[in-house]
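Worksheet: one structure, shown below.
The values are calculated or read from the model by the stated rules, or taken from the named source; none is laboratory data. Values in this document were obtained by computation on a predicted structure and should not be read as measured data. Glycine gets a Cβ as well: all are built from the backbone with ideal geometry, and neighbour counts include every protein chain shown. Heads up: the accessible areas ignore ligands, DNA and RNA and are worked out on the full protein's heavy atoms, side chains in. Shrake-Rupley method; radii C 1.70, N 1.55, O 1.52, S 1.80 Å.
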Amino acid sequence: MAITVRPMRPGDAAQVAEIRRACPEAAQWPAEEGQGGVVLVAEEDGAVAGFAVWQDLPGGEAELLSLAVHPRARR
């Protein structure tokens, strides 16, 4: 099983929302807003298994806003 990390696409919103519901400990944000940051998803076997959201900051730094992995994909 290979995992692919790629930018989130509009069609991923429902799967990302499902992961957010399954991970109440993760920061909650409306998927359509994207927190104003960069959103990447981890895809495994054609399904989104997790996501990360961050924003770039001045000076070459970044701030992680949210990170979640669906419970079924955790190991």
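If a residue must be in contact with a Gly (Cβ under 7 Å, 6 or more places away or on another chain) and at pLDDT 90 or above, how many such residues does region 56-75 contain?
Quick first cut of region 56-75, residues in contact with a Gly (Cβ under 7 Å, 6 or more places away or on another chain) only: 65, 68-70, 73.
Going one step further and asking which of them are at pLDDT 90 or above, we end up with 68-70, 73.
Looking only at that region, the number is 4.
Looking only at residues in region 56-75 that are open to solvent by less than 50 Å² (accessible area, probe 1.4 Å) and in a strand (DSSP E or B), which one is farthest from residue 16 (Cα to Cα)?
We begin by selecting, within region 56-75, every residue open to solvent by less than 50 Å² (accessible area, probe 1.4 Å); these are 65-66, 68, 70, 73.
Narrowing further to those that are in a strand (DSSP E or B): 65-66, 68.
Working: 65: 14, 66: 12, 68: 9 Å.
Among them, the one singled out is 65.
Of all the residues that make up region 7-22, how many are under 9 Å from the mean Cα position of the chain (by Cα) and in a helix (DSSP H, G or I)?
3
Of all residues in region 35-55, which are touching a Gly at 6+ places or on another chain (Cβ under 6 Å) and either open to solvent by less than 50 Å² (accessible area, probe 1.4 Å) or under 12 Å from residue 5 (Cβ atoms) (or both)? First the steps, then the outcome.
We begin by selecting, within region 35-55, every residue touching a Gly at 6+ places or on another chain (Cβ under 6 Å); these are 42, 53-55.
Across region 35-55, the qualifying residues are 42, 53.
Note down all Cβ pairs under 8 Å where the first residue falls in region 51-74 and is β-branched (Val, Ile, Thr), the second is open to solvent by 60 Å² or more (accessible area, probe 1.4 Å), and they're at least six residues apart or on different chains.
Short answer, once both residue conditions are applied: 53/35; 53/64; 53/67.
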